[in-house]
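K.L.:
Sending over a structure as structure tokens; questions will come in a sec.
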Amino acid sequence: MRDVTSRDTPMLTAESVLSFTHVHKSFKSTTALSDVSLEVPRGTIVGLVGRNGCGKTTLLHHVTGLMLPTSGTCTTFGVSTNALGAREHARMGVVHQHAKLLGWMRVEQLLQYIATFYESWDVSLSQQLTDRLQLSRDGKVAELSPGNVQKLSLVLALSHRPELLLLDEPLSDLDPTARQDVLAILLEYFSARECTIVISSHLLHDIEPMVNRIICLEQGRVTANADLDTLKESYAEWIVTTRGTPLPLSWSEPGIVRAQGDASQARLIVRGELATRESLRVSMASRYDIDIESRALNLERLFPVLTGDRTTPPERAHAIR
Amino acid sequence: MLILIDANHGVPAYRQIVDQLRFQIASGRLPAGTELPSTRALAQQLGINPMTVSKAYGLLEAEGLLRHRPGLALTVAPQSVAQVEEEREARLRAALEPAALAARQLGLSKTRAVALFRQLLSETPVAEENADA
């Protein structure tokens, strides 16, 4: 019960663990990141989302310095990523999307070998993690299933107790039970110390309970960078039903970002704070002969809205898909 | 105390916790002085980010529904009768709004809708029966 008092010393401070300023990255004629500026404060769990090829992995590579920006600046722990040294790397834990591990070693050997690179390696934590994930230490790394490779990558990323965890699709090869185990482990790890986690995933249902910030990329641009709660509270789905008079063919009210339906019923996606939406609801109820039922949108249902165009002319509502 | 949330719902998890605690306090199921689980314990139980729980607790504390004294567990604050009554009405109103909309859309008369509500109030609801009725 005593840790209730920890609310007096909030985990979130102003200090940024990683920061991007006007970052551009191109590969020959392809633009991978376009004018990306963002800050991730310590004590945040960021869900990095977006469609395939939107730049999530490229963005993560820029945090570790594996890639350097074509223009703009990246800093991690306040150090420019072109000057990151062993000290900074020891504070990071990374799970790569397609981990290439030393296949000829046994799991136990690989753990011992990687441990030698870190002063802070915690043998008992690594033992606990392999036990909880039911990962045998005897098997040969090359013979592990894709799911077990992912589990091992996580153990390798966590056992030196990093302050910053960068996880690129860490759940994609796991079965639902293993995914829940991994998420529970991450939440426990996060709760026990002041750390920062950036997790990229398409499994929005799995990450939704744990993340508190969403960064959404679309074609290398940031289309959303917001608190998850704020995001959910900034949109609503309205089911509009006529009380008799046919509904208009198009909706021109400001804030309506998507619309579909017919003369008797329509589904609108409305953007704006609750108070703004309430006044729109009142003005529409007086203009049209309608009932409006408002529903909240979860991350999965917000996703198409967040990855769509950033402009909001109402005509787009009909043009899209 | 039982809090159940759906972290995949469009209503943010902190909001669901706030609403459920307000309901339980208004219904008297959580009397003044009841100790709440720690932020970390509730977060772990619900499988959510601990910051979500502290946000919910912080809001309820600001509203005067919970009381936090340094070094002690968070407890339910004593409520005035007027406060409780207002909260009860607010909760019921929220539950009735969709029903009123359905009654209108179904074209049910006000008299008939009110009669139905009155009937439901005097019935002892049995979940299984209601589900198939």
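K.L.:
Quick one: which residues, 5+ away or cross-chain, put their amide H under 5 Å from the amide H of A:Trp121? H built at 1.01 Å from N.
P.N.:
It is none; the list stays empty.
K.L.:
Also: Considering every pair of different Cα atoms, what Kirkwood radius, in Å, is found for segment A:2-230?
P.N.:
Values: mean 1/r = 0.0548 Å⁻¹.
The Cα-based Kirkwood calculation yields 18.2 Å.
K.L.:
Using a ≥ b ≥ c from the Cα gyration tensor of segment A:163-202 (square roots of the eigenvalues), is it rounded, prolate or oblate, where a/c under 1.5 gives rounded and otherwise the larger of a/b and b/c decides, a/b for prolate?
P.N.:
oblate
K.L.:
Grab the eigenvalues of the alpha-carbon gyration tensor for segment B:13-76, scale each by 5, take roots, and send me the semi-axes largest first in whole angstrom.
P.N.:
Values: eigenvalues 57, 39, 23 Å².
They are 17, 14, 11 Å, listed largest first.
K.L.:
Rounded, prolate or oblate: which fits segment A:230-277, taking a ≥ b ≥ c as square roots of the Cα gyration tensor eigenvalues, rounded meaning a/c under 1.5, else prolate when a/b beats b/c? Write down the numbers at each step before the final one.
P.N.:
On the way: a/c = 2.41, a/b = 2.22, b/c = 1.09.
Prolate.
K.L.:
Oh, and also: Throw me the Rg/Rh for segment A:28-142, computed over C-alpha atoms with Kirkwood Rh, two decimals. Kindly include the intermediate steps, with their values, before the conclusion.
P.N.:
Numbers: Rg = 17.1 Å, Rh = 16.9 Å.
Answer for segment A:28-142: 1.01.
K.L.:
Amide H to amide H, which residues 5 or more places from A:Glu218 or on other chains are under 5 Å from it, using H placed in the peptide plane?
P.N.:
A:Thr223
K.L.:
Can you tell me which of A:103-114, B:110-121 comes out highest on packing, and rank the rest after it, using the mean Cβ neighbours within 10 Å? Write out the running numbers ahead of the final one.
P.N.:
Numbers: A:103-114: 15.7, B:110-121: 11.0.
Top to bottom by mean Cβ count within 10 Å: A:103-114, B:110-121.
K.L.:
Once both axes come from the Cα atoms, what is the angle between helix B:110-122 and the longest principal axis of chain B, in degrees from 0 to 90, rounded to 10?
P.N.:
60 degrees
K.L.:
Could you please state, rounded to a whole Å, how far the C-alpha centre of segment B:7-45 is from the C-alpha centre of segment A:33-80?
P.N.:
Here the answer is 36 Å between Cα centres.
K.L.:
Scan around A:Gly93 for amide H atoms under 5 Å from its own, H built in the peptide plane at 1.01 Å from N, and keep only partners 5 or more places away or cross-chain.
P.N.:
A:Leu164, A:Leu165, A:Leu166
K.L.:
Treat the count of other C-beta atoms within 10 Å as a stand-in for reagent exposure and order A:Lys100, A:Lys232, A:Lys28 from fewest to most. Before the final figure, lay out each step's value.
P.N.:
Values: A:Lys100 8, A:Lys232 24, A:Lys28 4.
Going from sparsest to densest Cβ surroundings: A:Lys28, A:Lys100, A:Lys232.
K.L.:
To make sure I understand, if each residue's beta carbon is the centre and we count other beta carbons within 10 Å, what order do A:Ser200, A:Ser145 fall in, fewest to most? Kindly include the intermediate steps, with their values, before the conclusion.
P.N.:
Details: A:Ser200 25, A:Ser145 10.
Listing A:Ser200, A:Ser145 from fewest to most nearby Cβ atoms yields A:Ser145, A:Ser200.
K.L.:
Based on the Cα gyration tensor of the protein assembly as shown, what are the three equivalent ellipsoid semi-axes, each the root of five times an eigenvalue, rounded to whole Å and given largest first?
P.N.:
Values: eigenvalues 383, 181, 85 Å².
After diagonalising the Cα gyration tensor, the semi-axes are 44, 30, 21 Å.
K.L.:
Quick one: of A:Lys56/A:Lys151; A:Lys56/A:Lys100; A:Lys56/A:Lys232; A:Lys28/A:Lys151; A:Lys100/A:Lys151; A:Lys100/A:Lys140, which pairs are farther than 24 Å apart, Cα to Cα? Could you put the intermediate results ahead of the total?
P.N.:
Details: A:Lys56/A:Lys151 21 Å; A:Lys56/A:Lys100 19 Å; A:Lys56/A:Lys232 22 Å; A:Lys28/A:Lys151 35 Å; A:Lys100/A:Lys151 13 Å; A:Lys100/A:Lys140 14 Å.
Long pairs (Cα-Cα over 24 Å): A:Lys28/A:Lys151.
K.L.:
Per-residue HN-Hα couplings for segment B:47-58, Karplus 6.51 cos²θ - 1.76 cosθ + 1.60 at θ = phi - 60°, whole Hz, x for Gly and Pro?
P.N.:
x, 10, 4, x, 5, 5, 5, 5, 5, 5, 4, x
K.L.:
Rounded to whole Å and sorted largest first, list the principal axis extents of the Cα atoms in segment A:86-184.
P.N.:
Projected onto the principal axes, the Cα atoms of segment A:86-184 cover 34, 26, 24 Å.
K.L.:
How are the alpha carbon pair distances in chain B distributed across 10 Å bins from zero to the largest one, expressed in percent?
P.N.:
So the P(r) values, bin by bin, are 11, 33, 30, 20, 6, 1.
K.L.:
Another one. With angles folded into 0 to 90 degrees, how steeply does helix A:176-192 sit against the dominant principal axis of chain A? Use alpha carbons for both and round to 10.
P.N.:
Its long axis makes an angle of about 80 degrees.
K.L.:
Can you check what the Kirkwood hydrodynamic radius comes to for segment A:234-319, Cα pairs only, in Å to one decimal? Intermediate results must be reported in sequence, preceding the final value.
P.N.:
Numbers: mean 1/r = 0.0764 Å⁻¹.
Over segment A:234-319, the inverse of the mean reciprocal pair distance is 13.1 Å.
K.L.:
So, one more: Could you line up A:Asp122, A:Asp168 from fewest to most neighbouring Cβ atoms inside 10 Å? Each step should come with its number before you reach the end.
P.N.:
Values: A:Asp122 15, A:Asp168 22.
Neighbour counts put them in this order, fewest first: A:Asp122, A:Asp168.
K.L.:
Return the whole-Å distance between the Cα centroid of segment A:248-269 and the Cα centroid of segment A:171-236.
P.N.:
Cα centroid of segment A:248-269 versus Cα centroid of segment A:171-236: 31 Å apart.
K.L.:
I've got another one for you. Report ³J(HN,Hα) in whole Hz for each residue of segment B:19-35, in order, from the Karplus equation J = 6.51 cos²θ - 1.76 cosθ + 1.60 where θ = phi - 60°; Gly and Pro get x.
P.N.:
4, 5, 5, 4, 5, 5, 6, 5, 7, x, 5, 10, x, 3, x, 4, 7
K.L.:
Moving on to the next point. Can you return the aspartates and glutamates within cross-link range of A:Lys25? Criterion is Cα-Cα under 15 Å, with same-chain partners fewer than 8 residues away left out.
P.N.:
Of all the aspartates and glutamates, those that pass the test against A:Lys25 - Cα under 15 Å, at least 8 places apart if same chain - are A:Asp35, A:Glu218.
K.L.:
On a 0 to 90 degree scale, rounded to 10, what angle separates helix B:81-106 from the longest Cα axis of chain B?
P.N.:
Between the helix axis and the principal axis of chain B, the angle is about 40 degrees.
K.L.:
Ok, one more. If you count the DSSP beta bridges with both ends in the protein assembly as shown, what percent of them are antiparallel, to the nearest 5? Please report the intermediate quantities before stating the final value.
P.N.:
On the way: 43 of 61 bridges.
DSSP beta bridges in the protein assembly as shown are roughly 70 percent antiparallel.
Throughout, read-outs are computed from the coordinates displayed, never taken from laboratory work. Model, not experiment: these values are computed from the prediction. Note that we place each Cβ from the backbone using ideal geometry, even for glycine, and neighbour counts take in every protein chain shown.
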